[in-house]
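Read the structure below first, then the notes.
The values are calculated or read from the model by the stated rules, or taken from the named source; none is laboratory data. This structure is a prediction, so every number in the text was calculated from the model and none was measured. Virtual Cβ from ideal backbone geometry, glycine too; neighbours counted across all protein chains shown. With ligands, DNA and RNA removed, areas are computed over all heavy atoms of the protein, side chains included. Shrake-Rupley method; radii C 1.70, N 1.55, O 1.52, S 1.80 Å.
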Amino acid sequence: MSVTALPGAPASRLRIGLRAVLIGAILLLAAMPVLNQLPQDHALHVSDFLVSVTGKWICYAILALSLDLAWGYAGILSLGHGAFFALGGYAMGMHLMRLIGPRGVYGHPVLPDFMVFLGYQELPWYWLGFDHFAFAMLMVLLVPGALAFALGWLCFRSRITGVYLSIITQAMTYALMLAFFRNDMGFGGNNGFTDFKELLGMPLNTPAARSSLFYASLVSLVGCYLLCRWITGTKYGRVLTAIRDAESRVRFLGYDVTHHKLFAFVLSAMMAGLAGALYVPQVGIINPGEFSPGNSIEAVVWVAVGGRGTLVGAVLGAFSVNGLKTWLTSAAPDLWLFVLGGLFVLVTLFLPRGLVGLLQGRAQGERK
């Protein structure tokens, strides 16, 4: 009996170890805003900068999770997920701009400052309703989801896959970036949205707001992870994995491949929009630069480094790569893009399953 149990022991220990690390990481993250309240000379004090930058990384981890659901499980390599992230951020930014009211530079009770500067006489119709938080959150999910549905429906019905789909998604985010740069679009042009004042009656740029947004992001990350874990563990998730590995065979077996891929793509876009909405009030600005195709490619690197198709790996990759970026852009900012490209090449050649795959490989080696 003991002999038959031994082969599975290393893999079981690995799963238990990963879960323990995951729970420990969540508890550690949850403690950061509390430790931030300690005196600055205390050994356990966490700086304002570290809390702020970690809050951004949590939002990036949600974006990585959304991409892993689409790419890691459904085989949809999207090079445009940054567009869904930015659309969610713009929806939240529109709400925050509406809350400024007469406190703006021009003191207009309805129009944001940039509209007054550009000579707008009335609020555009697509800005209506954004003074309500519930409506804004609905748009945070619906706008990226609607775009993903339209794009996915056209592409998946036409059986566009692989590099062709990746190019289309990249072209989409580049086109959106050019459109949002235009002043006549009504989204602030090159400057975007900034100078936010409050959210849900809570003044921004305060320790209380920073902690609240941090915890909201952390809860959203845990919720998105559990949702993805549940989905990928169902029969639908197994069909998604089969589509990723052999789409033509799954189609031959009678499954509706289009609908399966479309659901995963839309859900991942909505998660990316949520990440963008949590990101904007923490950084205090949203502009068309968030649509840059480079941002979407960087998210792909996060997932590849952590481990595609593992969920935990996506979160690990987002934190590790962005931690490296934060350090390197301070120490040697000119080298970051070279390091990012080299990192992707090294992972592709030597760690095709990412960091989590490396741990799994070691566990399998112990099993043998």
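Structural remarks
- Looking at the stretch 271-368, the helices (runs of 4 or more DSSP H) lying wholly inside it that each contain 1 or more residues that are within 20 Å of residue 53 (Cβ to Cβ), at pLDDT below 95 and among the hydrophobic types (A, V, I, L, M, F, W, C) sit at 293-306, 312-331, 336-350.
- Residues of the stretch 143-166 satisfying the condition of being in contact with a helix residue (DSSP H, G or I) (Cβ under 8 Å, 6 or more places away or on another chain), farther than 17 Å from residue 247 by Cβ and aliphatic (A, V, I, L, M): 143, 147, 148, 151
- For residue 156, the requirement of being touching a residue at least 60 places away in the same chain (Cβ under 8 Å) and either farther than 21 Å from residue 277 by Cα or touching a strand residue (DSSP E or B) at 6+ places or on another chain (Cβ under 9 Å) (or both) is met.
- Top-ranked residue of the stretch 261-317 - restricted to ones that are open to solvent by 20 Å² or more (accessible area, probe 1.4 Å) and among the polar types (S, T, N, Q), ranked as nearest to residue 235 (Cα to Cα): 310
- Looking only at the stretch 159-169, and only at residues there that are open to solvent by 30 Å² or more (accessible area, probe 1.4 Å) and within 16 Å of residue 260 (Cβ to Cβ), the one that is modelled with the lowest pLDDT: 161
- Summed over the stretch 87-132, the residues that are in contact with a strand residue (DSSP E or B) (Cβ under 8 Å, 6 or more places away or on another chain) and surrounded by fewer than 20 Cβ atoms within 10 Å (Cβ to Cβ) give a count of 1.
- Among the residues of the stretch 84-111, the ones that are in contact with a Leu (Cβ under 9 Å, 6 or more places away or on another chain) and in a loop (DSSP other than H, G, I, E, B) come to 3 in all.
- Residues that are at pLDDT 70 or above, part of a loop (DSSP other than H, G, I, E, B), surrounded by fewer than 11 Cβ atoms within 10 Å (Cβ to Cβ) and not polar (S, T, N, Q) within the stretch 1-51 comprise 39, 41, 42, 43, 44, listed in sequence order.
- Residue 230, sole failed condition from (1) touching a residue at least 12 places away in the same chain (Cβ under 8 Å); (2) under 20 Å from residue 270 (Cα atoms); (3) open to solvent by 60 Å² or more (accessible area, probe 1.4 Å): (1)
- Near pairs, Cβ below 7 angstrom, 6+ apart or cross-chain, from the stretch 174-197 (farther than 15 Å from residue 285 by Cα) to any residue that is assigned to a loop (DSSP other than H, G, I, E, B) and open to solvent by 40 Å² or more (accessible area, probe 1.4 Å): 183/118
- Tallying residues that are in a helix (DSSP H, G or I) and free of Cβ contacts under 8 Å to residues at least 40 places away in the same chain within the stretch 234-251 yields 9.
- Among the residues making up the stretch 198-226, those that are closer than 24 Å to residue 264 by Cα and without any contact (Cβ under 8 Å) to a residue 24 or more places away in the chain are 219, 223, 226.
- Residue in the stretch 252-259 that is assigned to a helix (DSSP H, G or I), modelled with pLDDT of 90 or more, open to solvent by less than 20 Å² (accessible area, probe 1.4 Å) and in contact with a Leu (Cβ under 6 Å, 6 or more places away or on another chain) present: no
- Within the stretch 92-113, being more than 18 Å from residue 203 (Cβ to Cβ) and either charged (D, E, K, R) or under 25 Å from the mean Cα position of the chain (by Cα) (or both) holds for 94, 113.
- The stretch 112-139, residues that are among the hydrophobic types (A, V, I, L, M, F, W, C), in a helix (DSSP H, G or I) and within 18 Å of residue 186 (Cβ to Cβ): 114, 115, 116, 117, 125, 127, 135, 136, 139
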